[in-house]
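Peer 1: Here it is, the structure in full.
No value in this document is a laboratory result; all are computed from the given coordinates. Just so you know, these numbers come straight off a predicted model, no measurement behind them. Neighbour counts are summed over all protein chains in view; Cβ atoms, including those assigned to glycine, are modelled from backbone coordinates with ideal geometry.
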Amino acid sequence: ATPPNAVVVAPWLDATPLGYAAYVERSMGGRVIVSAWPKEVAAEIPAWREHHPVYVAMRGVPDLGRLKLHRTSRSYGPIDVYEVAP
């Protein structure tokens, strides 16, 4: 549900299989997986967005303060995917 050059932020439990796919299997098309609670890296996201689209993959709606997001797809099991709006 994300483009190949995306930064994907996910809490560690959800980031574990994404990281395995990205860095071991090499099946994530160049996506960068950031293992963190979205609110912990919210201040970094505007800088990341200058070069990459940024998505959040997690259970429930992430709290990113003033940053806007929209759901990009149906749920993947218990995980929802949101794009951080420009």
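Peer 1: List, in order, the whole-Hz ³J(HN,Hα) value for each residue of segment 43-54 obtained from phi through the Karplus relation with A = 6.51, B = -1.76, C = 1.60 and θ = phi - 60°; use x for Gly and Pro.
Peer 2: 5, 7, 4, x, 5, 4, 5, 5, 10, 9, x, 10
Peer 1: Let me ask something else. Can you give the relative contact order of the chain as a percent, counting alpha carbon pairs under 8 Å and 6+ residues apart?
Peer 2: Reported relative contact order: 31 percent.
Peer 1: A further question follows. Mind sorting out which of (1) 92; (2) 130; (3) 83 is the real volume of the Cα convex hull per residue in Å³ computed from the coordinates?
Peer 2: Checked against the structure: label (3).
Peer 1: Stretched out fully, how many nm does the piece from THR16 to LYS39 gain, at 0.36 nm a residue minus the Cα gap?
Peer 2: Details: separation 23, 0.36 × 23 = 8.28 nm, distance 1.84 nm.
Between THR16 and LYS39, full extension yields an extra 6.4 nm.
Peer 1: Evaluate the distance, in nm, between pseudo-label points positioned 7 Å from the Cα of LYS68 and of ARG26 along their respective Cα→Cβ axes.
Peer 2: About 3.9 nm, to one decimal.
Peer 1: Averaging sequence separations of C-alpha pairs under 8 Å and six or more residues apart, then dividing by the length of segment 36-86, give the relative contact order as a whole percent.
Peer 2: 37
Peer 1: Taking 0.36 nm per intervening residue step and subtracting the Cα-Cα distance, what contour gain separates ALA85 from HIS52 on full extension?
Peer 2: 10.7 nm
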